[in-house]
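Structure record follows, encoded as structure tokens.
The values are calculated or read from the model by the stated rules, or taken from the named source; none is laboratory data. Remember, it's a predicted structure, so these values are computed and weren't measured experimentally. Here the Cβ is made from the backbone with ideal geometry for all residues, glycine too, and neighbour counts use every protein chain on show. The protein model used for the area step is the full one, side chains on, heavy atoms only, and it has no ligands, DNA or RNA in it. Shrake-Rupley method; radii C 1.70, N 1.55, O 1.52, S 1.80 Å.
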Amino acid sequence: MQKSTTHYWLLVSALVFIIHFGVGLLLVMLLNGNIVNYVLTPIFQYIGIFKLIWPEQPLGALQFLSTKSILAFAHQDPRSGLNLWTLEYDTITLLIFATLSFSYGWILIKYFTLKPQMKPVFIIFGIIGTLLSAFSVSYMTDIEHCSGATWVGFVALYGMGFDEFELSPIYQWICAVIGITVLGASLIATKRVTTNV
């Protein structure tokens, strides 16, 4: 990959990364009927516990901190001060979003540089795979349905009235496997086209 192409790939990947936040926030705001009015950095409240664990179990301390939200967008009720909903991003989610962004960014760059040889279906499959994979690692809270960060799929189902729906990580895994498979197929197809040019 040439230097200028690499530069554009990184730029497009950064835009895709930002779009992850925009799409997620837009959907959550539309479904809840409230806009973001508060941004939190919850990870800092766990620094004290991290410092206590670190001397005894460094890996355990890192694992503990990696599961805490780095950034959370919320709608806070001005009267009660309660967060009616939050969309939260922990370290693992952000790393997966970055990986997805680099992958889809690469597909986009190859599509625009090799447009005659590539079919638009690569872009469509890339979008579907990226969205499903990102959806599988997205978490939120909703004051009506959950107290802690819960997978957005479960919160959406609760919001639609499926209160008796069993919480099982299998649904997240299914969503992730389908997303990774579709995105992977798009990446492989794009790679084949670029090697045949």
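If the requirement is being without any contact (Cβ under 8 Å) to a residue 40 or more places away in the chain, among the hydrophobic types (A, V, I, L, M, F, W, C) and farther than 30 Å from Ile178 by Cα, which of these qualifies: Leu65, Leu59, Leu82, Leu94? Within the list Leu65, Leu59, Leu82, Leu94, the selection yields Leu59.
In the stretch 152-197, which residues are touching a strand residue (DSSP E or B) at 6+ places or on another chain (Cβ under 6 Å) and free of Cβ contacts under 8 Å to residues at least 60 places away in the same chain?
Pass one, the stretch 152-197, residues touching a strand residue (DSSP E or B) at 6+ places or on another chain (Cβ under 6 Å): 152, 155, 172.
Across the stretch 152-197, the qualifying residues are Val155, Gln172.
Ser136 fulfils the conditions (1) touching a residue at least 24 places away in the same chain (Cβ under 8 Å); (2) open to solvent by 30 Å² or more (accessible area, probe 1.4 Å) except for a single criterion, (2). Screening the stretch 96-130 for residues that are modelled with pLDDT of 95 or more and open to solvent by 80 Å² or more (accessible area, probe 1.4 Å) and picking the one that is nearest to Glu144 (Cα to Cα) gives Thr99. Note on the stretch 30-46: among residues that are among the aliphatic types (A, V, I, L, M) and touching a residue at least 12 places away in the same chain (Cβ under 8 Å), the one that is nearest to Thr67 (Cα to Cα) is Ile43.
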